[in-house]
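K.L.:
I'd like to ask you about the structure that follows.
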Amino acid sequence: MTNRVDIQREPDVVLARQAARRAAIEMGYSLVDQTRITTAVSELARNIFLYAGRGWMEYRHVARSDRKGLEFLFQDEGPGIADIDLAMTVGYTSGGGLGMGLSGSQRLMNEFEIQSRLGEGTTIRIVKWLG
Amino acid sequence: MEKTSIVKIQNVLIVTLQGDIDDHSAQELQQEILQSVIHHQVSGVVIEVSQLELVDSYMGRILSDTARMIRLMGAETLLAGLRPMVAITIVEMGLSIEGVKTALNLEDALEVLKGGRAAAPSLGRDG
């Protein structure tokens, strides 16, 4: 299973989080985890719109040993992040945001990974394990 | 967005947020609330959020800013009915929704505004 949501306009952020919630409900996540996943997706989808203008989210089921989970990839071909550590700092923003998007979504998920190259774009991968 | 309602009852504006609100709509709603405060000359605003399934950093900031703007205008705001899941997420993310007083539900919020009951102290450092 792989699904994709293109993010080009602001309402696409809503579509991304609705898709995330549906996927989380289908997999049987608790209400708290559904909310954590949907909130993290909302932050990262918005970041694409704010900082790169356009990009996409892909999500799929993942399994590791006896655990199942949901993985979301956020990809853009925007300007990239010059200093990832700085971008992860609570309260730091380069674009008039609140500076909570990256650090907040990291706290809500089990796995969080950023790859970014200046001038080429950014990929963020997040995973929430079930149970 | 079309499900959001603003109703005036006595001296209080009751704003009910529902559904999935995008950023632009949230900003429009903020202006609409501020206009309504002046138009109806209310002394209190209750923002009822029990139907909100998500408060992320953007919505958190809109709520906090709106409450502070309303206070500047001379009225008081209470956030009522935040869902447990949403409260958990806000705290885990480290969001601080500053300057907003809260109540368990709409009924409690109205009691507080009437002066019959103390609100939960406002969240954050500038409360």
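K.L.:
Restricting the search to the range A:5-15, which residues are more than 11 Å from chain B (Cβ to nearest Cβ) and surrounded by 14 or more Cβ atoms within 10 Å (Cβ to Cβ)?
P.N.:
A:V5, A:I7
K.L.:
With respect to B:E32, determine if the residue is within 10 Å of the chain's Cα centre (by Cα) and among the charged types (D, E, K, R). So that I can check it myself, show each step before the final result.
P.N.:
Working: within 10 Å of the chain's Cα centre (by Cα): no; among the charged types (D, E, K, R): yes.
Considered against the rule, which asks whether it is within 10 Å of the chain's Cα centre (by Cα) and among the charged types (D, E, K, R), B:E32 comes out as no.
K.L.:
Look through the range B:5-27, keep the residues that are without any contact (Cβ under 8 Å) to a residue 24 or more places away in the chain and within 14 Å of chain A (Cβ to nearest Cβ), and return whichever of them is surrounded by the most Cβ atoms within 10 Å (Cβ to Cβ).
P.N.:
B:D22
K.L.:
Follow-up. With the checklist (1) modelled with pLDDT of 90 or more; (2) part of a helix (DSSP H, G or I) in hand, flag the one item A:Y59 doesn't pass.
P.N.:
Going through (1) modelled with pLDDT of 90 or more; (2) part of a helix (DSSP H, G or I) one by one, A:Y59 breaks only (2).
K.L.:
If I filter the range B:110-125 for residues that are among the β-branched types (V, I, T) and either over 21 Å from A:L102 (Cα atoms) or touching a Cys at 6+ places or on another chain (Cβ under 6 Å) (or both), do I get at least one hit?
P.N.:
Yes; the residues of the range B:110-125 include at least one that is among the β-branched types (V, I, T) and either over 21 Å from A:L102 (Cα atoms) or touching a Cys at 6+ places or on another chain (Cβ under 6 Å) (or both).
K.L.:
Limited to the range A:9-48, what total is found for residues that are of a type in the set (K, R), more than 23 Å from A:P79 (Cα to Cα) and touching a residue at least 12 places away in the same chain (Cβ under 8 Å)?
P.N.:
3
K.L.:
Also, I was wondering about something else. Answer yes or no: is there a residue in the range A:75-82 that is among the charged types (D, E, K, R), touching a strand residue (DSSP E or B) at 6+ places or on another chain (Cβ under 9 Å) and closer than 22 Å to B:V86 by Cα.
P.N.:
Checking the range A:75-82: not a single residue is among the charged types (D, E, K, R), touching a strand residue (DSSP E or B) at 6+ places or on another chain (Cβ under 9 Å) and closer than 22 Å to B:V86 by Cα.
K.L.:
Report, by residue number, each residue of the range B:49-74 that is crowded, with 22+ Cβ neighbours inside 10 Å and away from every other protein chain (no Cβ under 14 Å).
P.N.:
Hits for the range B:49-74 are B:T66, B:A67, B:I70.
K.L.:
Name the pairs whose Cβ atoms lie under 8 Å apart, with the first residue in the range A:71-95 and within 17 Å of A:G55 (Cβ to Cβ), the second part of a loop (DSSP other than H, G, I, E, B) and polar (S, T, N, Q), and 6 or more positions between them or separate chains?
P.N.:
From the range A:71-95, the pairs are A:A87/A:S94.
K.L.:
Here's a follow-up. Take the range A:16-49 and flag every residue that is hydroxyl-bearing (S, T, Y) and either surrounded by 15 or more Cβ atoms within 10 Å (Cβ to Cβ) or touching a Ser or Thr at 6+ places or on another chain (Cβ under 6 Å) (or both).
P.N.:
A:Y29, A:T35, A:T38, A:T39, A:S42, listed by residue number.
K.L.:
Here's a follow-up. Being touching a residue at least 60 places away in the same chain (Cβ under 8 Å) and within 13 Å of A:V5 (Cα to Cα) is the filter here, so list the residues in the range A:49-58 that pass it.
P.N.:
Matches in the range A:49-58: A:G55 only.
K.L.:
Can you name the residue in the range B:75-100 that is in contact with a Gly (Cβ under 7 Å, 6 or more places away or on another chain) and at positive phi and is also farthest from the other protein chains (Cβ to nearest Cβ) among such residues?
P.N.:
B:G99
Residue-wise test of (1) touching a strand residue (DSSP E or B) at 6+ places or on another chain (Cβ under 8 Å); (2) modelled with pLDDT of 95 or more.
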{"position": "B:V42", "(1), (2)": "yes, yes"}
{"position": "B:T66", "(1), (2)": "yes, yes"}
{"position": "B:A87", "(1), (2)": "no, yes"}
{"position": "B:G99", "(1), (2)": "yes, no"}
{"position": "B:G115", "(1), (2)": "no, no"}
{"position": "B:P121", "(1), (2)": "yes, no"}
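The values are calculated or read from the model by the stated rules, or taken from the named source; none is laboratory data. If you're wondering where the values come from, they're calculated on a predicted model, not measured in any experiment. Heads up, the Cβs are rebuilt from the backbone with ideal geometry, glycines too, and the neighbour counts pull from every protein chain shown.
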